[in-house]
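J.: What follows is a structure written as structure tokens; I'll ask about it next.
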Amino acid sequence: DANDWKMWAPEGVVEKKLRSLEKPFVIFSNQKGLSRKNKDRKHLEQELLDRVSGFGEAVGVPFLFVGAAQDDLYRKPRVGMWDLVLGMFRERAPSFDIDSEQCFFVGDAAGRPSGWCDGGGTADFSCSDRKFAKNLKIDFLTPDQYFLERKNVPDMISAALPLEYLAQSGDSVSLQPDLFEAIGKPEIVLFCGRPASGKTSFYKNNFKQRGYVHVNKDTLKTSAKCFKAINEALKSGHSVVVDETCPSVESRRQYIEEANRLSVPIRCLYFDASRELCEHLNRFRNAVTETSRKTVPAIAYNMFEKKFVLPSMQKEGFALVSTVPFIASFDSEKHRNLFKLYYI
């Protein structure tokens with residue numbers, strides 16, 4: 001209810017500190033709970049507004065509250081809420097800008113492990129606040145540092161910096177020549193890899209211009225339509241790329257059997273990108289397409305991990321199995337910068 005909140009520290013510590021700012025401040029808050037199914041959205045919103053109002057009365061200084069109700073570009077550590085506030089100010093004053101060196105963000109989702117301080121310290125539920133500040137390139141403080149002026153609070157980031165992936169996929173990474181050498185004409189090339197591992201982009205950049213027909217169940221909707229498209233392409237003399245995740249031996253067997261039935265060779269390309277990287281790419285492409293490309297749910301990754309068996313040429317009957325490493329490629333500097341952000 002409206003009274004379901006309390007100050008982080010007792011004895012007026014929070015109120016005194018905020019009043020000392022002598023200027024308004026902004027609260028950025030993830031509020032995905034507002035979108036819970038089977039809940040009255042208006043009732044939940046009113047409860048939240050009542051709590052925020054109660055807090056405002058207690059501190060006695062003006063502030064702006066911005067809440068992200070969905071798992072979208074506004075949710076921290078993504079910077080949509082920050083951009084929204086900037087846009088609001090710039091509507092009134094087009095020349096308005098912020099000096100990031102004068103900004104700082106205080107949050108308790110700092111990625112600290114259990115026992116992070118001398119007195120123990122419970123583990124943080126996430127690292128989204130610290131990543132939010134890093135995305136914005138502003139200073140970050142935990143409540144302990146800001147309100148209690150505590151020192152030696154560890155700087156913990158639970159996930160690898162996206163920049164590390166750029167370093168891993170630099171000029172030193174090269175593609176094997178056999179990735180593009182057909183083993184027959186026509187042939188079937190079966191993709192295998194986690195969602196958002198770069199399979200469709202790899203097809204567009206490397207196989208489309210070679211005349212390979214793209215077969216994808218997300219597009220065609222049913223297995224029957226996929227096999228029909230494969231048959232029609234092969235009969236017309238065109239090679240085929242089957243763009244699927246195909247984590248298990250069973251999921252790949254149906255394509256091997258179809259290739260044998262049609263007397264055409266089949267090879268497999270495994271896209272070697274970790275789950276952590278693919279989940280980052282999942283959010284990245286959602287941002288690049290301005291949310292028109294929906295994100296893949298976590299359950300899809302869980303199912304892939306549960307079923308995954310590395311493709312084998314000898315055990316499964318492929319003519320060849322090749323590995324495709326992750327190589328970062330961007331259409332613009334804007335996309336490169338978007339890749340460098342934390343999304344999870």
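J.: Please determine whether any residue of segment 191-202 is more than 32 Å from the chain's Cα centre (by Cα) and surrounded by 17 or more Cβ atoms within 10 Å (Cβ to Cβ).
T.: No - not one qualifying residue is present in segment 191-202.
J.: Filter segment 299-327 for residues that are outside any helix (DSSP H, G or I), of a type outside the set (G, A, S) and more than 14 Å from E276 (Cα to Cα) and give the result. Don't jump to the end; show me each part of the working.
T.: Residues of segment 299-327 that are outside any helix (DSSP H, G or I), as a first pass: 308-312, 317-327.
Then drop every residue that is not of a type outside the set (G, A, S), which leaves 308-311, 318, 320-321, 323-327.
Once the filter is applied, which keeps residues that are outside any helix (DSSP H, G or I), of a type outside the set (G, A, S) and more than 14 Å from E276 (Cα to Cα), segment 299-327 yields F308, V309, L310, P311, F318, L320, V321, T323, V324, P325, I327.
J.: Can you say whether F65 is within 29 Å of N282 (Cα to Cα), in contact with an Asp or Glu (Cβ under 6 Å, 6 or more places away or on another chain) and touching a residue at least 12 places away in the same chain (Cβ under 8 Å), as far as the supplied structure shows?
T.: No, not satisfied.
J.: Considering only segment 95-108, I want to know if a residue exists there that is of a type in the set (S, T, N, Q) and touching a residue at least 60 places away in the same chain (Cβ under 8 Å).
T.: There is no residue in segment 95-108 that is of a type in the set (S, T, N, Q) and touching a residue at least 60 places away in the same chain (Cβ under 8 Å).
J.: Further question on the same structure: I'd like to check something: does segment 39-51 contain any residue that is part of a loop (DSSP other than H, G, I, E, B) and either of a type outside the set (D, E, K, R) or at negative phi (or both)?
T.: For segment 39-51, residues part of a loop (DSSP other than H, G, I, E, B) and either of a type outside the set (D, E, K, R) or at negative phi (or both): present.
J.: While we're here: For segment 62-75, indicate whether the set of residues that are aromatic (F, W, Y) and either surrounded by fewer than 13 Cβ atoms within 10 Å (Cβ to Cβ) or assigned to a helix (DSSP H, G or I) (or both) is non-empty.
T.: For segment 62-75, residues aromatic (F, W, Y) and either surrounded by fewer than 13 Cβ atoms within 10 Å (Cβ to Cβ) or assigned to a helix (DSSP H, G or I) (or both): absent.
J.: So, one more: Which of the residues spanning segment 241-266 are more than 30 Å from the chain's Cα centre (by Cα) and closer than 11 Å to V189 by Cα?
T.: Residues of segment 241-266 that are more than 30 Å from the chain's Cα centre (by Cα), as a first pass: 253-266.
Passing the criteria: Y255, I256, A259, V264, P265, I266.
J.: Given the conditions (1) in contact with a strand residue (DSSP E or B) (Cβ under 9 Å, 6 or more places away or on another chain); (2) closer than 25 Å to F89 by Cα, report the number of the one that L34 does not fulfil.
T.: Failed condition: (2).
J.: Then there is this: I'd like the residue in segment 104-130 that is over 23 Å from Q31 (Cα atoms) and not polar (S, T, N, Q) and, out of all such residues, is nearest to the chain's Cα centre (by Cα).
T.: Residues of segment 104-130 that are over 23 Å from Q31 (Cα atoms), as a first pass: 113-121.
Still in the running and not polar (S, T, N, Q): 113, 115-121.
Numbers: P113: 22, G115: 29, W116: 27, C117: 30, D118: 34, G119: 34, G120: 32, G121: 29 Å.
Step by step, filter segment 104-130, then rank; the result is P113.
J.: Turning to a different aspect of this structure: Kindly provide the set of residues from segment 300-335 that are under 20 Å from N286 (Cα atoms) and either free of Cβ contacts under 8 Å to residues at least 60 places away in the same chain or over 19 Å from the mean Cα position of the chain (by Cα) (or both), ordered by number.
T.: Listed by number, the residues that qualify are N302, F330, D331, S332, E333, K334, H335.
J.: Looking at this structure, is D4 touching a residue at least 40 places away in the same chain (Cβ under 8 Å) and among the acidic types (D, E)?
T.: Numbers: touching a residue at least 40 places away in the same chain (Cβ under 8 Å): yes; among the acidic types (D, E): yes.
Spelling it out, D4 is indeed touching a residue at least 40 places away in the same chain (Cβ under 8 Å) and among the acidic types (D, E).
J.: Moving on to the next point. For segment 203-222: of the residues being surrounded by 14 or more Cβ atoms within 10 Å (Cβ to Cβ) and of a type in the set (V, I, T), which is farthest from the chain's Cα centre (by Cα)?
T.: Taking the candidates together, the pick is V213.
J.: Of L262, L234, L269, which residue is in contact with a helix residue (DSSP H, G or I) (Cβ under 8 Å, 6 or more places away or on another chain), in the same structural domain as A300 (by TED's automatic domain parsing) and free of Cβ contacts under 8 Å to residues at least 40 places away in the same chain? Talk me through it step by step, then tell me what you get.
T.: Details: L234 fails: free of Cβ contacts under 8 Å to residues at least 40 places away in the same chain; L269 fails: free of Cβ contacts under 8 Å to residues at least 40 places away in the same chain.
So the residue among L262, L234, L269 that is in contact with a helix residue (DSSP H, G or I) (Cβ under 8 Å, 6 or more places away or on another chain), in the same structural domain as A300 (by TED's automatic domain parsing) and free of Cβ contacts under 8 Å to residues at least 40 places away in the same chain is L262.
J.: Return yes when A233 is of a type in the set (G, A, S) and over 27 Å from the mean Cα position of the chain (by Cα) and no when it is not.
T.: Values: of a type in the set (G, A, S): yes; over 27 Å from the mean Cα position of the chain (by Cα): yes.
For A233, the condition - of a type in the set (G, A, S) and over 27 Å from the mean Cα position of the chain (by Cα) - is met.
J.: Now for a different question. Give, as residue ranges, the helices (runs of 4 or more DSSP H) completely inside segment 205-298 that count at least 3 residues that are in contact with a His (Cβ under 8 Å, 6 or more places away or on another chain) and among the hydrophobic types (A, V, I, L, M, F, W, C). Before the answer, list the steps.
T.: Values: elements: 217-220, 223-235, 249-262, 275-288.
Here the list is empty.
The values are calculated or read from the model by the stated rules, or taken from the named source; none is laboratory data. Predicted model, so just to flag it, every value in this text is computed and none were measured. Reconstructed Cβ throughout: ideal geometry from the backbone, glycine too, with neighbour counts over all protein chains shown.
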